[in-house]
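One structure is given here, and the rest of the page talks about it.
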Amino acid sequence: MSARSPDEKHRASTPLECLFDLCFVVAVARAGVAVEGQLGHGHVAAGVISYAMIFFAIWWAWMNFTWFASAYDNDDVLYRLTVMVQIAGSLILAAGVSPAFDPEHGDYSVLVIGYVVMRLGTVGNWIRAGRADPVHRASAYRYAAGVIVIQLGWVARLWLPESVSIISFVVLVLLEISVPIFSERAGVTPYHPSHIAERYGLFTVIVLGESVVAVVVSVEAAIHEVEHRAQLIGLAAAGLVILFSMWWVYFDKSAAQMLDNIRSSLVWGYGHYLIFGSIAAVGAGLNIVIGHDLGEIEVSDTLAGLVVTVPVALFLVVVWALHLRHHHGPVASAGFPVVAVLVLASTFSGAPVYLGAVLLVGLVILTVVTSSGRAVPRRAPAPRR
């Protein structure tokens, strides 16, 4: 398992990586359904906290697989088998989402088992990489040791009292995200910038596709609900416009040029926790709005608006901050935070989904009018430190 060249030409995602993403999105879908149930019953704080915790496990395991594969994927039999183990772990994790969201007796044991299975598959690959790549051996072994120690912490957390649940989670999260920082100091592993950008883009598309299910639910309900048919079709159309606009602005400019050094790469990669999480939350929010309008979910009008406007606004701000603010003119760049604020304000308009769709269309038009229409030229990778 020798290192791949970060300058490799025509590097693209493999079929195995695509399969991995599709299996992982099952856990994303389960998290969306679970938070939808929590918020729909008025458990706002518990639902948001549980969603943030569980989505971290999903995102972090996916992210670690992606960056390792970018540097060392040799597609041999043993590598394929370890990826299968990680996929099995993701399915176990997905099965543990519902018990973890239980507002009275949250059981994280199944979720932790799935997470640990995924991470131990990563450990095996890092050990292989360390043996085969002497240049990056110290980094690889640091990764392996760090992951093993922290997995012991996650298992031990299951026996800690409920009073320290959130504190222990935060501590372990900080340790998890410190492992790459600590490991890469021994030598930057040879990730491929364009490959990483493509992998993140593909997962963004998959999560957006999962959120489109809410549009299907609205159309399906319109077939049977004659009284609310026009309203449901309108919600479906507005929801589709919101999701398509989110896709548009995310892919408006290439992000590969942001990944030419380890510091900016880590910031960009870590920031996608909020991007992926907000996209999935939009789908759950649209389902809540549909249920609210049909009288099936009893929540306030304000909450029914916030479950859509907050994740949309968060998405716009984070995407802008990560890689769009430097690639648009001052007018278009300023449009992102302004539209995010207006989307939040639309919560109290009585029609937040419709107004949000209009605002996002306006943002897309602004970026198109002020842009040359060409992708940002890709810079040659800077020397790695």
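Here is how the numbers come out for the structure above:
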item	result
Subset of the range 178-196 [surrounded by fewer than 16 Cβ atoms within 10 Å (Cβ to Cβ) and assigned to a helix (DSSP H, G or I)]	178, 181, 182
In the range 130-154, residue farthest from residue 110 (Cα to Cα) [restricted to those that are in contact (Cβ under 8 Å) with a residue 40 or more places away in the chain and among the hydroxyl-bearing types (Ser, Thr, Tyr)]	139
Selection status of residue 63, closer than 17 Å to residue 188 by Cβ, in contact (Cβ under 8 Å) with a residue 12 or more places away in the chain, not β-branched (Val, Ile, Thr) and not in a loop (DSSP other than H, G, I, E, B)	yes
Among the residues listed as 181, 279, the single one being β-branched (Val, Ile, Thr), touching a helix residue (DSSP H, G or I) at 6+ places or on another chain (Cβ under 9 Å), assigned by TED's automatic domain parsing to the domain that holds residue 140 and touching a residue at least 60 places away in the same chain (Cβ under 8 Å)	181
Test: residue in the range 369-384 that is modelled with pLDDT of 85 or more and either buried (at least 20 other Cβ atoms within 10 Å of the Cβ) or of a type in the set (Phe, Trp, Tyr) (or both)	no
When residues of the range 252-288 are limited to those that are of a type outside the set (Lys, Arg) and part of a loop (DSSP other than H, G, I, E, B), the one nearest to the chain's Cα centre (by Cα)	255
Members of the range 62-103 found to be touching a His at 6+ places or on another chain (Cβ under 9 Å) and surrounded by fewer than 16 Cβ atoms within 10 Å (Cβ to Cβ), listed by number	99, 103
Failed criterion for residue 107 (all others in (1) of a type outside the set (Gly, Ala, Ser); (2) surrounded by fewer than 20 Cβ atoms within 10 Å (Cβ to Cβ); (3) in a helix (DSSP H, G or I) hold)	(3)
Matching residues, the range 234-251, being within 18 Å of the chain's Cα centre (by Cα) and touching a residue at least 24 places away in the same chain (Cβ under 8 Å)	242, 243, 245, 246, 247, 248, 249, 250, 251
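Here's the yes/no breakdown for (1) within 28 Å of residue 69 (Cβ to Cβ); (2) small (Gly, Ala, Ser); (3) touching a Leu at 6+ places or on another chain (Cβ under 7 Å); (4) in the same structural domain as residue 64 (by TED's automatic domain parsing):
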residue	(1), (2), (3), (4)
100	yes, yes, yes, yes
122	yes, no, no, yes
128	yes, no, no, yes
139	yes, yes, no, yes
149	yes, no, no, yes
154	yes, no, yes, yes
161	no, no, no, yes
164	no, no, no, yes
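Residue-wise test of (1) closer than 21 Å to residue 350 by Cα; (2) at pLDDT 85 or above.
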site: 194; (1), (2): no, yes
site: 202; (1), (2): no, yes
site: 205; (1), (2): no, yes
site: 215; (1), (2): yes, no
site: 218; (1), (2): yes, no
site: 224; (1), (2): no, no
site: 230; (1), (2): yes, no
site: 235; (1), (2): yes, yes
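So that you can scan it fast, the table gives a plain yes or no per residue for (1) surrounded by fewer than 21 Cβ atoms within 10 Å (Cβ to Cβ); (2) in contact (Cβ under 8 Å) with a residue 60 or more places away in the chain; (3) touching a His at 6+ places or on another chain (Cβ under 9 Å):
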position	(1), (2), (3)
254	yes, yes, yes
264	yes, no, no
302	yes, no, no
310	yes, no, no
314	yes, no, no
322	no, yes, yes
347	no, no, no
355	yes, no, no
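The values are calculated or read from the model by the stated rules, or taken from the named source; none is laboratory data. What you see is a predicted model; the values in this text were computed from it and never measured. Because the Cβ atoms are built from the backbone with ideal geometry, glycine has one as well, and the counts that use them run over all protein chains shown.
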